[in-house]
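The values are calculated or read from the model by the stated rules, or taken from the named source; none is laboratory data. Note that this is a predicted model, so its numbers are computed, not measured. No Cβ is skipped: glycine too gets one built from the backbone with ideal geometry, and neighbour counts run over all protein chains shown.
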Amino acid sequence: MLARPELRIRKGLRRQLLQLIGNRSHLVSATRRVEAAIDPDDNIFLECADAAGADYLVTGNQKHFPKFWKKTKVITPREFVSLVAPHLIK
């Protein structure tokens with residue numbers, strides 16, 4: 001996914017981005033069911049965002065999600081990279 005041309009992440013820096021994400025991530029389990037996504041299979045992502053108290057939900061499929069879910073903003077992968085590691089973008 002990080003090799004997608006539209007992300008424009010320099011090849012040598014993809015590993016750094018994955019390491020950054022890995023170092024700042026933690027696993028969560030959904031604790032409450034929701035039905036807010038257009039595609040019912042996508043609700044699990046909102047449930048996990050809710051359980052994590054996530055600032056962002058990153059998806060390339062924004063049309064299936066609301067722009068915000070409670071305090072979680074739904075953003076594209078490009079927006080995420082621009083926020084957390086702008087130096088990785090060409």
Does R32 count as assigned to a helix (DSSP H, G or I), among the charged types (D, E, K, R) and touching an Asp or Glu at 6+ places or on another chain (Cβ under 9 Å)? no
Give me a count of the residues in the range 3-43 that are without any contact (Cβ under 8 Å) to a residue 24 or more places away in the chain and touching a Lys or Arg at 6+ places or on another chain (Cβ under 8 Å). 2
Search result, residues across the range 54-90 that are closer than 19 Å to P5 by Cβ, among the β-branched types (V, I, T) and in contact (Cβ under 8 Å) with a residue 24 or more places away in the chain: V81, I89
Could you list, in sequence order, the residues of the range 35-81 that are of a type in the set (A, V, I, L, M), at pLDDT below 90 and either closer than 21 Å to I21 by Cα or part of a strand (DSSP E or B) (or both)? V81
When the range 1-23 is checked residue by residue, the ones that are at pLDDT 85 or above and either exposed (fewer than 10 other Cβ atoms within 10 Å of the Cβ) or assigned to a loop (DSSP other than H, G, I, E, B) (or both) are G22, N23
Scope the range 4-43; condition hydrophobic (A, V, I, L, M, F, W, C) and in contact with a helix residue (DSSP H, G or I) (Cβ under 7 Å, 6 or more places away or on another chain); matching residues: L7, I9, L13, L17, L20, V28, A30, V34, A36, A37, I38
Of the residues that make up the range 25-33, is at least one surrounded by 14 or more Cβ atoms within 10 Å (Cβ to Cβ) and in contact with a strand residue (DSSP E or B) (Cβ under 7 Å, 6 or more places away or on another chain)? no
